[in-house]
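Asker: Sending over a structure as structure tokens; questions will come in a sec.
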Amino acid sequence: MKTQVEPDHYYNQAYDSKDRFISYWHQINEITKLKPASILEIGIGNSFLLNYLKQRGHPVTSVDIDTRLNPDVASSIINLPFCDESFDVTACFELLEHLPYSHFLPALKELHRVSKRNLILSLPDLSPIYPIHLFVPKIGELKILVPLCMKPRTEFFDAQHYWEIGRPNYEFKRIIGDIIKVSFRIERTFRVFEMPQHRFFVLKKN
């Protein structure tokens, strides 16, 4: 497998938008509330999550195929150099779509193997939605994403993403089915309101 972008791709204002930082918050929140004794992060990008977790005292091991990003371990996700059930929580955010879908199940099986308890994923989801943001007296702020019945967006490869949820042949139900095939239980899935193209999956080993 080859790297798709140069390291400086992750260090510019266009990449680190306000919405992306909200997605970072969800990454941190989903990991830390599980109180893991060991964490594996695969695909470190600009190392924001990695550095934050380390500064909060969480034991994190980082993996990336690009040695220029200085991961703890340089490796492909398809063949991780760790023993079975090495990490309480494995995190893999906005990565698997950078591989052809034929690698999706093998990658999930490898993530299942090295995870002791949980896997937290995020994947791009382009399924049409309509965001509703309300403030209701005595209730407070409400943020709702309403699914829209529209045709899937045209399939394409943009030199980075091979596939995305909501494009032809990559419907949400197909992704769910393949996750379940690998003996993960889906405890929760949600889209980030401010960045709805990021869909999170909180998974637990059966």
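Asker: Just one of V89, V63, V73 is on the phi < 0 side of the Ramachandran plot and touching a Ser or Thr at 6+ places or on another chain (Cβ under 6 Å); which is it?
Answerer: V63 is the lone residue from the list that is on the phi < 0 side of the Ramachandran plot and touching a Ser or Thr at 6+ places or on another chain (Cβ under 6 Å).
Asker: Turning to a different aspect of this structure: From R185, R167, R199, R191, which residue is modelled with pLDDT under 95 and in contact with a Lys or Arg (Cβ under 6 Å, 6 or more places away or on another chain)? Step through it out loud before you land on a result.
Answerer: Numbers: R185 fails: modelled with pLDDT under 95; R199 fails: modelled with pLDDT under 95; R191 fails: modelled with pLDDT under 95.
None of the other options fit; the residue is R167.
Asker: Filter region 1-12 for residues that are modelled with pLDDT under 70 and assigned to a loop (DSSP other than H, G, I, E, B); which is farthest from D158 (Cα to Cα)?
Answerer: Y11
Asker: Can you spot a residue in region 154-167 that is without any contact (Cβ under 8 Å) to a residue 12 or more places away in the chain, outside any loop (DSSP other than H, G, I, E, B) and of a type in the set (V, I, T)?
Answerer: No, every residue in region 154-167 fails to be without any contact (Cβ under 8 Å) to a residue 12 or more places away in the chain, outside any loop (DSSP other than H, G, I, E, B) and of a type in the set (V, I, T).
Asker: Mind telling me which of the residues L134, L96, L121 ends up being surrounded by fewer than 18 Cβ atoms within 10 Å (Cβ to Cβ) and of a type outside the set (F, W, Y)? Break it down stepwise before answering.
Answerer: Numbers: L96 fails: surrounded by fewer than 18 Cβ atoms within 10 Å (Cβ to Cβ); L121 fails: surrounded by fewer than 18 Cβ atoms within 10 Å (Cβ to Cβ).
L134 is the lone residue from the list that is surrounded by fewer than 18 Cβ atoms within 10 Å (Cβ to Cβ) and of a type outside the set (F, W, Y).
Asker: A further question follows. For F200, indicate whether it is aromatic (F, W, Y) and out of contact with any Phe, Trp or Tyr (no Cβ under 8 Å at 6 or more places or on another chain).
Answerer: no
Asker: So which residues in region 46-89 are surrounded by 16 or more Cβ atoms within 10 Å (Cβ to Cβ), among the aliphatic types (A, V, I, L, M) and part of a strand (DSSP E or B), if there are any at all?
Answerer: Listed by number, the residues that qualify are V60, V63, V89.
Each row is one residue, and each column tells you yes or no for (1) within 15 Å of the chain's Cα centre (by Cα); (2) within 21 Å of G177 (Cβ to Cβ).
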| position | (1), (2) |
| --- | --- |
| I65 | no, no |
| D72 | no, no |
| I78 | no, yes |
| F104 | yes, yes |
| H112 | yes, yes |
| R117 | no, no |
| L123 | yes, yes |
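Asker: For region 144-161, does any single residue satisfy the condition of being out of contact with any Gly (no Cβ under 7 Å at 6 or more places or on another chain), under 28 Å from K116 (Cβ atoms) and surrounded by 15 or more Cβ atoms within 10 Å (Cβ to Cβ)?
Answerer: no
Asker: Just wondering, is there one or more residues in region 178-192 that are under 23 Å from K18 (Cα atoms), in a strand (DSSP E or B) and without any contact (Cβ under 8 Å) to a residue 24 or more places away in the chain? Can you show your working first?
Answerer: Looking only at region 178-192, we keep the residues that are under 23 Å from K18 (Cα atoms), and these are 189-192.
Next cut, in a strand (DSSP E or B) only: 189-191.
Okay, now just the ones that are also without any contact (Cβ under 8 Å) to a residue 24 or more places away in the chain, so 189-190.
Checked region 178-192: at least one residue is under 23 Å from K18 (Cα atoms), in a strand (DSSP E or B) and without any contact (Cβ under 8 Å) to a residue 24 or more places away in the chain.
Asker: Which condition number does D64 fail, the rest of (1) at pLDDT 95 or above; (2) in contact with a helix residue (DSSP H, G or I) (Cβ under 8 Å, 6 or more places away or on another chain) being met?
Answerer: Of the numbered conditions (1) at pLDDT 95 or above; (2) in contact with a helix residue (DSSP H, G or I) (Cβ under 8 Å, 6 or more places away or on another chain), the odd one out for D64 is (2).
Asker: Ok, one more. Working only within region 197-206, note down all residues that are surrounded by fewer than 18 Cβ atoms within 10 Å (Cβ to Cβ) and in a loop (DSSP other than H, G, I, E, B).
Answerer: If the condition is that a residue be surrounded by fewer than 18 Cβ atoms within 10 Å (Cβ to Cβ) and in a loop (DSSP other than H, G, I, E, B), then N206 is the only one that fits.
The values are calculated or read from the model by the stated rules, or taken from the named source; none is laboratory data. Computed from a predicted model, the values in this text were never measured in an experiment. Please note: Cβ atoms are built from the backbone with ideal geometry, for glycine as well, and neighbour counts cover all protein chains shown.
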